[in-house]
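First comes the structure, then the notes that go with it.
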Amino acid sequence: MGHRHASRRQILRWSMAAGAGVLAAGETDAAASARTLGAPLGPYGERSPFEKGIRFTRESRTPETGSSFTPIQESLGTITPSALHYERHHGGIPSIDPSVHRLVIHGMVERPLSLSMADIRRLPSVTRTLVLECGGNSAGEWAAPGPDVQRTYGMVSGSEWTGVSLARLLEEAGVRPGASWVIAEGADACRMMRSIPLGKARQDSLLAYGQNGEAMRPAQGYPLRLINPGWEGNANVKWLQSLRLTDQPYMARDETSKYSDLMPDGKTRIFTFEMEAKSVITFPSGGQMLPGPGLYELTGLAWSGQGLVDRVEVTVNGGETWQRALLQEPRLPIALTRFRLPWRFDGREAVIASRCVDETGYVQPTREALIAARGTNSIYHYNGIKFWRVRGDGTVVHVGA
Amino acid sequence: MWARNGVGLAVLMALASAGSINASLGSASGVAQSPRFGVGRAPTADEIRDLGSAIAPDGTGLPAGSGNVSQGRAVFAAHCARCHGRQGEGEIGARLVGGQGSLRSPRPLKTVGSFWPYATTLWDYVNRAMPFDKPGALQPDEVYAVSAFILNLNGIIGDDQVLNAVTLPKVQMPNRDGFVPDARPDVNGLKPRPQPTPVR
């Protein structure tokens, strides 16, 4: 059910519509808690036991290499709780003691460096709120649109990251003339490796150690992660332990065999780092249910690896007409942006969708336009418009069901 | 325009090394003038070897050692076959053979043989990440050998070929010229935007 985004008044209204018994039970509970001494204080918080939203983990015969999807249909606002951040691992989640972890910076530098986490934390810190999306998010949509928003668009999350500017750290090491790439390697069992253009590293990359106000979670790269704003998740190497300055990309397995985009002509686009503008309606979305006709707030998330979301347009008539949704301010570049639109469901079938336009003028394409440009075998970087069908009885399914 | 017509990786890499990315983006303003904090110390040789073992497509970083196809067959049977199948046909782990000529078809089969542009990538990846549940278990000789076996299974090198730091980077992979720069945005008639990628 997608009710969590709704206001208390709305819930009460829905409860009343569903039958007076529900409301009476709720009121009794509320009164009871006020007559009972509550639980004592605890050292580290947990969410309410009534909250059930969890990640969906795709089955894998080798669970150490797998994907999990954020329940974005339950999301509120624009930050993903660290505990619900999507995950994609290729060699499991390592357990790393930060007091022994080291990052080496070597190759084409004046002063090769070996840094402890304490060294890194001594440097001036930077905090940025950013979206992170797996390059393979929505990959299933190439073949056929999928049933619910979590499993089709849920490999995206938003966090506040804190760390040091990579440009700053490269100054500490002194980049030698002629260097043009940075080879990043992680400390997990597959020692994830990616080649990053030096221009990006100098522009806005971070080495993050903090996420949402505390040290980042092990699954997100604890104790140190390369963050490349706006670029596919895999290029944000977790458990970072080595940066080698070179004059060539290293053609790692995860930038050749994987995370590259095969085109119908048999050629493959490589170094397709950027995540383009995308949005999706999270309520109402596939698998949810509107309890009856009436006024609802339609809502969802939009983002662009290119910068600010300029606007989000919503259709409630299958794409015939589009109207502007309200955007939650403050909008931040390369960050999840929530959109909302009041919508009266009149009990007749409606086909709804959103499309994002970013500050570069890029318009989120239809699935058909993407397939016309790239065929259906490129796996990665799918950012098509997602249509939901709200049936007359209030059930919501994906278009194509 | 050239970027859209499938220029080989050699050109792509040459461009990158000529500093075109640096030029297009510059360095973050202000940082260049900031004082150094002087954190950290010089890394030891062991640290660099253990933490940053990446192998370049020109072979930079490959260690001494060698291996041939028949040695590789034994390594594969002992360490890889249980997940990738006896002949690399794929099981829990990916299929490692076949697919040449399929990339343009509706059902492309991407394998080391049909898809990977460099043999050095195979050496690097097996060395860093395989066997999946015991990474780092193989000695350099064994990695050369098992790489030779997989390339031989794919018909890329002959039965008698020995792989070492000199011969491995020279192996011609069938899809070596199959990679092209990013051409996005490629929808809605938008013009290519300036991107911090090496290829624009």
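The values are calculated or read from the model by the stated rules, or taken from the named source; none is laboratory data. None of the values given here were measured: they were computed from a predicted structure. Note: ideal-geometry Cβ built from the backbone for every residue, glycine included; neighbour counts use all protein chains shown. Each accessible area value is taken on the protein alone, full model and side chains, heavy atoms only, with ligands, DNA and RNA left out. Shrake-Rupley method; radii C 1.70, N 1.55, O 1.52, S 1.80 Å.
A few remarks follow.
- Square roots of five times the Cα gyration tensor eigenvalues for the stretch B:66-170, Å: 20, 16, 12
- Net length available on complete extension from B:A64 to B:T167 is 35.9 nm, with 0.36 nm assigned per residue and the Cα-Cα distance removed.
- Summed side-chain charge close to B:V162 - residues other than B:V162 whose Cβ falls under 13 Å, Lys, Arg +1, Asp, Glu -1: -2
- The stretch A:295-328 and the stretch A:82-137 have Cα centres spaced 34 Å apart.
- Delta accessible area of at least 10 Å² on complex formation, residues of the stretch A:179-193, 1.4 Å probe, chain isolated as reference: A:A179, A:S180, A:W181, A:E185, A:A189, A:C190, A:R191, A:M193
- Averaged per residue, the protein assembly as shown has 41 square angstrom of accessible surface, using a 1.4 angstrom probe with ligands and nucleic acids left out.
- Sequentially through the stretch A:98-114, phi angles give Karplus couplings (6.51, -1.76, 1.60; θ = phi - 60°) of x, 6, 10, 5, 9, 10, 9, 10, 8, x, 7, 10, 6, 10, x, 10, 10 Hz, Gly and Pro residues having no value and appearing as x.
- Residues whose amide H falls under 5 Å from that of A:S180, counting only those 5 or more places apart or on a different chain, are A:T246, A:D247, A:Q248, with hydrogens built in the peptide plane.
- Reachable aspartates and glutamates, given that their alpha-carbon falls under 20 Å from the alpha-carbon of B:K170 and they are not under 8 places away in the same chain: A:D247, B:D58, B:D124, B:D141, B:E142, B:D159, B:D160
- The Rg/Rh ratio of the stretch A:358-401, with Rg taken over Cα atoms and Rh as the Kirkwood radius over Cα pairs, comes to 1.10.
- For the stretch A:138-214, size of Cβ-based charge dipole, Lys and Arg +1, Asp and Glu -1, in debye: 320
- In a reduced charge model with +1 at each Lys and Arg Cβ and -1 at each Asp and Glu Cβ, the protein assembly as shown shows a dipole moment near 640 debye about its Cα centre.
- With θ taken as phi - 60° and the Karplus curve 6.51 cos²θ - 1.76 cosθ + 1.60 applied, the whole-hertz 3J(HN,Hα) list for the stretch B:101-117 is x, 9, 5, 8, 7, x, 10, x, 10, 9, 9, 3, x, 8, 10, 5, x Hz, x standing for glycine and proline.
- Taking the Kirkwood radius as Rh and the Cα radius of gyration as Rg, the stretch A:46-164 has a ratio of Rg/Rh equal to 1.05.
- Gyration tensor (Cα) of the stretch A:278-398, equivalent ellipsoid semi-axes in angstrom: 25, 18, 11
- Translational diffusion coefficient of the protein assembly as shown (Stokes-Einstein, Kirkwood radius from Cα pairs, 10 °C, 1.306 mPa s): 62 µm²/s.
- Going from the chain on its own to the full set of protein chains, the stretch A:224-251 has these residues losing 50 Å² or more of accessible surface (heavy atoms, 1.4 Å probe, no ligands, DNA or RNA): A:Q248, A:Y250, A:M251.
- Using a probe radius of 1.4 angstrom, the carbon and sulfur fraction of the accessible surface of the stretch A:64-213 is 52%.
- Pairing chains A and B buries close to 6600 square angstrom of accessible surface in total, based on protein heavy atoms and a 1.4 angstrom probe.
- Taking amide H as placed 1.01 Å from N in the peptide plane, A:Y296 has its amide H under 5 Å from the amide H of A:W343, A:R344, A:F345, each at least 5 places away in sequence or on another chain.
- Separation of the stretch B:127-164 and the stretch B:31-93, taken as the distance between their Cα centroids, equals 12 angstrom.
- Once the Kirkwood radius over Cα pairs is known for the stretch A:163-252, the Stokes-Einstein relation at 10 °C and 1.306 mPa s delivers a diffusion coefficient of 122 µm²/s.
- Counting Lys and Arg as +1 and Asp and Glu as -1 over every other residue whose Cβ lies under 11 Å from the Cβ of A:P229, the net charge comes to 0.
- Distance (nanometres) between label positions extended 7 Å along Cα→Cβ at B:R49 and A:T36: 6.3
- Under 10 Å, Cβ to Cβ, from A:D358 - net charge with Lys/Arg +1 and Asp/Glu -1: -1
- Per-residue ³J(HN,Hα) for the stretch B:159-174, Karplus 6.51 cos²θ - 1.76 cosθ + 1.60, θ = phi - 60°, Hz, x for Gly and Pro: 4, 9, 5, 10, 9, 8, 4, 8, 7, 4, x, 8, 4, 8, 7, x
- Listed by chain and number, the aspartates and glutamates placed with their C-alpha closer than 13 angstrom to that of A:K258 are A:E232; residues fewer than eight positions away on the same chain are left out.
- Length gained when the stretch A:R391-A:L295 is fully extended (0.36 nm per residue, less Cα-Cα span): 33.0 nm
- For A:R217, the amide hydrogen comes within under 5 Å of no other amide hydrogen, counting only partners 5 or more places away or on other chains and with H modelled in the peptide plane.
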